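Okay, structure first, notes after.
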Amino acid sequence: MREDYEVIIGLEVHAELATKTKIYCSCSTEFGSDPNTHCCPICTGMPGVLPVLNEKVVEYAVKMGLATNCKIARFSKQDRKNYFYPDLPKAYQTSQYDLPLCYEGHVDFKVNGEPKTVGITRIHIEEDAGKLIHDPYTGDTLVDLNRCGVPLIEIVSEPDIRSKDEAIEYMQTLKSILEYLEICDCKMQEGSLRCDVNLSVRKKGETKFGTRTETKNLNSFKAIGRAIEFEIDRQIKELENGGTIYQETRRWDDDKGIGYAMRTKEDAHDYRYFPEPDLAPIVLSDDYVNGIEAALPEMPNVRRERYITELGLPEYDATQITNSKKMAEFFDKAVAKCGNAKLVSNWLMSDVSRKLNESEMEIDNIKFTAEDLGDLITLIDKGTISSAIAKKVFEDMFETGDAPAKIVESKGLVQITDESAIRDLVISVINENEQSVQDFINGKDKAVGFIVGQTMKASKGKANPGIVNKLIMEELNKRKNG
Amino acid sequence: MKITHEEVKHIAKLAKLSLSEEEVEKYAKDLGGIAEFVEKLNEVDVTGVNPTAHAVDKYNVFRADELKDSYNREAILKNAPSKEAGCISVPKVVE
Ligand SMILES: [Zn+2]
């Protein structure tokens with residue numbers, strides 16, 4: 001991005017709430033079922049039906065509001081947002097217009113080590129729409145209404161975001177909070193957490209905002225980052241070439257890596273909101289709100305601070321581990337088993353993360369347990385196996401899910417610490433490598449490394465490296481001085 | 001209150017209705033009449049009355065998050081003029 005421009009970004013994040021049933025009827029919210037099998041007259045918009053609000057939707061939205069420092073409305077109502085689209089059988093989406101449940105909050109996080117605060121304008125409840133599938137045989141569009149009426153919260157930020165990195169960290173922060181509250185499963189690839197990016201650019205020093213565009217429905221961190229980069233570039237190029245930015249809705253094609261304007265007419269966005277007459281207002285008491293606040297679980301930022309101050313983890317590691325509640329829980333269990341927080345953290349940050357990334361897995365799909373990782377670390381701490389062998393055991397655990405002690409035993413990987421056995425090995429290696437011994441005597445210290453390598457190899461990696469080093473120096477010095 | 005032809009055309013477009021020029025003329029008059037009637041409310045003195053979105057004094061009508069059987073798919077799709085692969089089939093939607 002050019003140095004003389006600045007970018008202004010606001011995010012609208014949609015999170016599907018992890019309730020059992022839909023927002024206004026008792027149909028299931030389960031993902032991935034056969035099309036149109038979680039439907040009833042209410043969620044398919046039949047005339048004459050009466051929607052009734054799911055109490056969990058209010059509770060979950062208030063939880064998110066409190067966790068993001070919002071004010072909670074004591075009086076709130078629902079409204080109809082009118083537009084025609086085949087995924088919306090009622091021809092209106094029940095949402096909230098002027099009196100959202102939560103408003104005026106903020107979240108704090110760090111971007112590349114620097115503190116950042118992003119304001120939350122509002123959080124409101126609404127219903128999701130159905131799913132449209134393109135039918136390649138007939139060229140028609142197929143409508144699946146299972147998702148219709150799945151409860152959503154929409155979290156609207158202030159235009160406080162100034163870079164791609166800030167946008168991604170903000171999204172990561174919201175995702176962590178949603179996971180810790182256990183109100184959204186946050187499966188971005190399934191669309192249960194997604195966001196719209198409002199973006200404009202302006203020359204530095206300019207006080208007026210430029211015209212913004214809205215890129216809809218981004219459902220991965222990668223897509224958010226790439227769509228933002230693309231749109232910043234496009235707007236700056238357009239302005240530099242004397243063009244105009246139009247206020248428009250855009251789509252992002254992640255496969256092709258391009259964004260494009262949707263062909264909808266601007267006046268289609270005249271939503272004619274009006275109060276939903278079938279749904280009574282929501283009035284919340286102080287007792288209700290205080291009760292939810294008192295029951296909030298530990299939030300990711302608090303857990304992170306605890307890991308830093310109580311367990312002595314570096315800030316970066318603590319952030320990475322606490323970003324995911326499942327990762328943090330895995331960490332806690334492993335530490336409870338072996339008592340070595342730093343080593344557990346190192347393993348999670350390196351080998352475990354690497355294997356998860358390589359196999360595109362989440363920590364909860366891993367074959368071995370957190371306790372197994374704790375046991376592996378205990379084996380290292382006690383000197384039963386070396387760190388090098390531990391890496392091999394770990395590979396095995398990852399593939400088979402077997403307990404580390406079982407792998408160590410069945411493969412005979414126990415570390416050799418018996419000095420006389422190691423001395424025998426060292427002497428035979430020295431005897432077979434006369435050239436290296438002469439090199440050492442002539443002052444080439446590098447020769448030692450070669451002999452260490454050969455000895456470790458002869459022990460199949462099982463000899464204790466510290467003892468190997470010590471004994472090699474003893475034997476070599478004997479030859480030198482003898 | 002006067003409703004212009006442009007306003008009628010805009011509302012018709014939002015409602016996905018196509019109107020002839022005569023119909024636009026007729027609806028401009030009809031809608032104008034309705035709006036005028038509603039304007040009578042402006043004559044009422046509402047000093048000291050709080051705005052409300054609901055006529056009935058009822059709030060917090062909730063249900064528990066308990067699963068019940070959905071309808072079977074046949075019943076849900078019964079009124080669809082065209083269906084395919086368990087879905088309602090509609091003309092291609094272009095964005
Ligand atoms: Zn339903």
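The values are calculated or read from the model by the stated rules, or taken from the named source; none is laboratory data. None of the values given here were measured: they were computed from a predicted structure. Virtual Cβ from ideal backbone geometry, glycine too; neighbours counted across all protein chains shown. SASA here: full protein model, heavy atoms, side chains in, ligands and nucleic acids out. Shrake-Rupley method; radii C 1.70, N 1.55, O 1.52, S 1.80 Å.
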| request: Identify, among A:410, A:379, A:295, the residue whose Cα sits farthest towards the positive end of the charge dipole of the range A:295-428, taking +1 on the Cβ of Lys and Arg and -1 on the Cβ of Asp and Glu, with the dipole about the Cα centre. | output: A:295
| task | Take the Cα gyration tensor of the protein assembly as shown, multiply each eigenvalue by 5, square-root it, and list the three semi-axes largest first, rounded to whole angstrom. | result | 62, 27, 24
| request: Under 1.5 on a/c is rounded, so check that first for the range A:419-481, then, if it is not, pick prolate when a/b is larger than b/c and oblate when it is not; a ≥ b ≥ c are the square roots of the alpha carbon gyration tensor eigenvalues. | output: prolate
| message | Projecting each Cα onto the charge dipole of chain A (Lys/Arg +1, Asp/Glu -1 at the beta carbon, about the Cα centre), which of A:245, A:365, A:145 comes out farthest on the positive side? | response | A:365
| request: Net charge near residue A:11: determine it from the other residues with C-beta under 14 Å of the C-beta of residue A:11, scoring Lys and Arg +1 and Asp and Glu -1. | output: -2
| message | Run the Debye formula on the Cα coordinates of the range A:298-410, all scatterers equal and no solvent, and tell me log10 I(q)/I(0) at q = 0.18, 0.24 1/Å. | response | -0.86, -1.42
| request: For each pair in A:203/A:237; A:71/A:222; A:222/A:256; A:164/A:204; A:175/A:216; A:367/A:460, compute the distance between the two Cα atoms and list the pairs where it is over 20 Å. | output: A:71/A:222; A:367/A:460
| task | Take A:372, A:165 and sort them by solvent-accessible surface of the protein heavy atoms, 1.4 Å probe, largest at the top. | result | A:165, A:372
| Among the chymotrypsin sites (Phe, Trp or Tyr not before Pro) within the range A:47-127, which fall in a DSSP loop and have no more than 12 other Cβ atoms within 10 Å of their own Cβ? | A:84
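Relative to the Cα centre, what is the charge dipole magnitude of the protein assembly as shown, using +1 at the beta carbon of each Lys and Arg, -1 at the beta carbon of each Asp and Glu, and rounding to the nearest 20 debye?
On the way: 77 positive and 99 negative charges, 268 e Å.
With Lys and Arg at +1 and Asp and Glu at -1, about 1280 debye.
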| When Cβ neighbours within 10 Å are restricted to other protein chains, what is their mean count per residue of peptide B:46-59? | 3
| message | Given Cβ point charges of +1 (Lys, Arg) and -1 (Asp, Glu) and nothing else, what value in debye, to the nearest 20, does the dipole of the range A:419-481 about its Cα centre take? | response | 140
| log10 of Debye I(q)/I(0), alpha-carbon scatterers only, for the range B:1-50 at 0.17, 0.19, 0.20, 0.31 Å⁻¹ | -0.57, -0.64, -0.68, -1.13
| message | When a/c reaches 1.5 or more, the comparison of a/b and b/c decides; with that in mind, is chain B rounded, prolate or oblate per its Cα gyration tensor? | response | oblate
| Taking every eigenvalue of the Cα gyration tensor of the range A:28-160, multiplying by 5 and rooting it, what semi-axes result, largest first, whole Å? | 32, 19, 13
| task | From zero up to wherever the largest Cα-Cα distance of the range A:165-319 sits, split into 10 Å bins and tell me the percent of pairs in each. | result | 8, 24, 27, 25, 13, 2
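So if I place +1 on the C-beta of Lys and Arg and -1 on the C-beta of Asp and Glu, and nothing else carries charge, what would the dipole magnitude of the range A:298-410 be about its Cα centre? I want it in debye, nearest 20.
Working: 15 positive and 21 negative charges, 41 e Å.
Computed charge dipole of the range A:298-410: roughly 200 debye.
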| message | Classify the range A:5-291 from the C-alpha gyration tensor, please: rounded if a/c falls under 1.5, else prolate or oblate depending on whether a/b exceeds b/c. | response | oblate
| Hey, if you put +1 on the Cβ of every Lys and Arg and -1 on every Asp and Glu Cβ in the protein assembly as shown, which of A:260, A:331, A:452 ends up farthest toward the positive end of that dipole? | A:452
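How big is the range A:373-482 by the Kirkwood estimate over distinct Cα pairs, in Å? Don't jump to the answer; show the numbers that get you there.
On the way: mean 1/r = 0.0669 Å⁻¹.
Its Kirkwood hydrodynamic radius stands at 14.9 Å.
Can you give the translational diffusion coefficient of the range A:206-287 in µm²/s, computed by Stokes-Einstein from the Kirkwood radius over Cα pairs at 25 °C and 0.890 mPa s? Before the final figure, lay out the partial values.
Numbers: Rh = 15.9 Å.
For these conditions, the coefficient is 154 µm²/s.
Shielding of B:76-88 by partners, i.e. mean partner chain Cβ atoms within 10 Å per residue? Show your work: numbers first, answer last.
On the way: counts 11, 6, 0, 2, 3, 0, 3, 3, 8, 9, 6, 13, 12.
Whole-number average of other-chain Cβ neighbours for B:76-88 is 6.
Over the range A:298-410, what is the mean sequence separation of C-alpha contacts under 8 Å (at least six apart), divided by residue count, expressed as relative contact order in percent? Walk me through the numbers on the way to the answer.
On the way: 105 pairs, mean separation 24.7, N = 113.
So the answer I get is 22 percent.
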| field | Which of A:13, A:52 is most accessible, then next, and so on - probe 1.4 Å | value | A:52, A:13
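Expressed as a rounded percentage, what relative contact order does chain A have, with Cα pairs under 8 Å and six or more residues apart? Spell out each step's value before the answer.
Details: 829 pairs, mean separation 64.8, N = 482.
Once normalised by length, the contact order is 13 percent.
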| remark: Rounded to the nearest 10 Å², the 1.4 Å probe accessible area of residue A:230 is 60
| task | Report, as an integer, the average count of C-beta atoms from other chains found within 10 Å of each Cβ along A:128-141. | result | 3
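Sort A:111-124, B:7-20 for me by packing, meaning the mean count of neighbouring Cβ atoms within 10 Å per residue, highest on top. List each step's numbers first, then the result.
On the way: A:111-124: 16.6, B:7-20: 14.0.
Order by mean packing, descending: A:111-124, B:7-20.
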